[in-house]
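Please read the structure below before turning to the comments.
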Amino acid sequence: MRKGLFALAAVGLLATGSMAACGDDKGDDAGSASGGAAGKAGKVGVILPDTKSSARWETADLKYLTDAFKAAGVEAEIKNAQGDKASFQTIADGMIQAGVKVLMIVNLDSGTGKNVLDNAKKAGIATIDYDRLTLGGGANYYVSFDNNEVGKLQGQGLVDCLTAAKATKPVVSYLNGSPTDNNATLFKEGYDSVLKPKFESGEYTKGPDDAVPEWDNAKGGTIFEQQLTKEPKIAGVLAANDGLGNAAIEVLKKNKLNGKVPVTGQDATVQGLQNILAGDQCMTVYKAIKKEANAAADLAVSLAKGEKPTSATGTVTDPQSKASVPSVLLKPEAITKANLKTVVDDGFVTKAELCTAAFAAACTAAGIS
């Protein structure tokens, strides 16, 4: 990638026309990558959603995006809205006023996201939806994984685990993601395409089906506890990500059902992978976030330099506006105990993070050395 020199710093809002992030105030910054020799390239502003719904935003996306902009020699400010819509708007306003040339966002919901994108558009700023499509938002580009495929992998993963457990007419519950996140809708479309035929044939029984507001894991645990009280014979849980999967597992542990009821996940977090090693989680979906971050950064760098991007060779249709959005869509991978080593080999998580004392033997058995 293109060379450049960056400094990683927590900073306040960008000052108009500055070539480096300035100030020592911490605010809600996730990080800043700046290059004093950025040449004619404009600045890039990035807004991440939170650190609560998934560990990835702090442990993966922040790091990889920072590294990518640093390597490209393009100044970027990366902030995290910490799940606060007002803060999201304030951060965006500050970046727009500071004159960023490109604004990349992970929306908290489509309403807030659209407002930010509209304001950026009025200011002549190029926009990128990162990971989540803002419905009706009209972003210039979209970078993500094939989220329908993510759901299919989750559905098939649960089927494989129930088959291995020799389950007969299992009751399957859904612990879906946030109803305001279009990705959660796509995930559900994907796993429904695998599981619905099983329900219709009578091979499986459809159990409780609930969305978890804002991907809140604590709410997810409460919801699943209610599901299990309502339907004690739940034999499989389609949890939309590792955080919700862990929330279900904690409830199953209290009822001495962990390891007996297969639970899915997504994001290949350390916690999710450890749950797989322990036998409490059936599978997760690995999305090589470094590839996603690099693809988004490359796109943003081209736009910041006034170049026409060539990497967005795919398209997605915005289900609300019906607009066709130029896109980069990456391929996800299902992870079970059998191929869990892949995530470590890729450097997504380290052996030190994953193979703590409680999981050392399981790591060795999984071929992680």
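A few remarks follow.
- Heavy-atom accessible area for residue 359, with the other protein chains in place and a 1.4 Å probe, reaches approximately 40 Å².
- Helix content alone sets the calculated 222 nm mean residue ellipticity of the chain: runs of n ≥ 4 DSSP H residues at -39500 (n - 2.57) each, divided across all residues, give -12000 deg cm²/dmol.
- Largest to smallest accessible area among 264, 112 [probe 1.4 Å]: 112, 264
- Where labels lie 7 Å past Cα in the beta-carbon direction, separation of residue 166 and residue 315 in nm: 5.2 nm
- Accessible carbon and sulfur surface of segment 44-122 relative to its total accessible area, %, 1.4 Å: 51 percent
- Segment 176-327 - accessible surface per residue (Å², probe 1.4 Å): 41 Å²
- Answer label for Rg and Dmax of the Cα atoms in Å (calculated), chosen among (1) 21.0, 65; (2) 21.0, 69; (3) 20.2, 65: (1)
- Straight-line reach from residue 166: taking Cα to Cα under 14 Å and skipping same-chain neighbours fewer than 8 places apart, the aspartates and glutamates in range are 203.
- Other-chain or far-sequence residues with amide H under 5 Å of residue 82's (modelled H): 50, 51
- In summary, the aspartates and glutamates within cross-link reach of residue 70, defined as a Cα separation below 13 angstrom excluding same-chain residues under 8 places away, comprise 298.
- Bridge type composition, the chain - antiparallel percent by DSSP, nearest 5: 30 percent
- Two-site label geometry, residue 256 and residue 226: point separation in nm, points 7 Å out along Cα→Cβ: 2.8 nm
- In sequence order, calculated HN-Hα J values of segment 212-225 (Karplus, 6.51, -1.76, 1.60; Hz; x Gly/Pro): 10, x, 6, 6, 6, 5, 5, 5, x, x, 5, 4, 5, 4
- Taking 19 Å as the limit for the C-alpha separation, the pairs 230/337; 121/308; 52/196 exceed it in the case of 230/337; 52/196.
- With 32 Å as the limit on Cα-Cα distance, the pairs of 43/85; 43/188; 79/206; 43/114 that go past it are 43/188; 79/206.
The values are calculated or read from the model by the stated rules, or taken from the named source; none is laboratory data. As the structure is a prediction and not an experimental result, all values here were calculated from the model. Ideal geometry is used to build each Cβ from the backbone, glycine not excepted, and the neighbour counts take in all protein chains shown. For accessibility, only protein heavy atoms count, side chains too; no ligands or nucleic acids. Shrake-Rupley method; radii C 1.70, N 1.55, O 1.52, S 1.80 Å.
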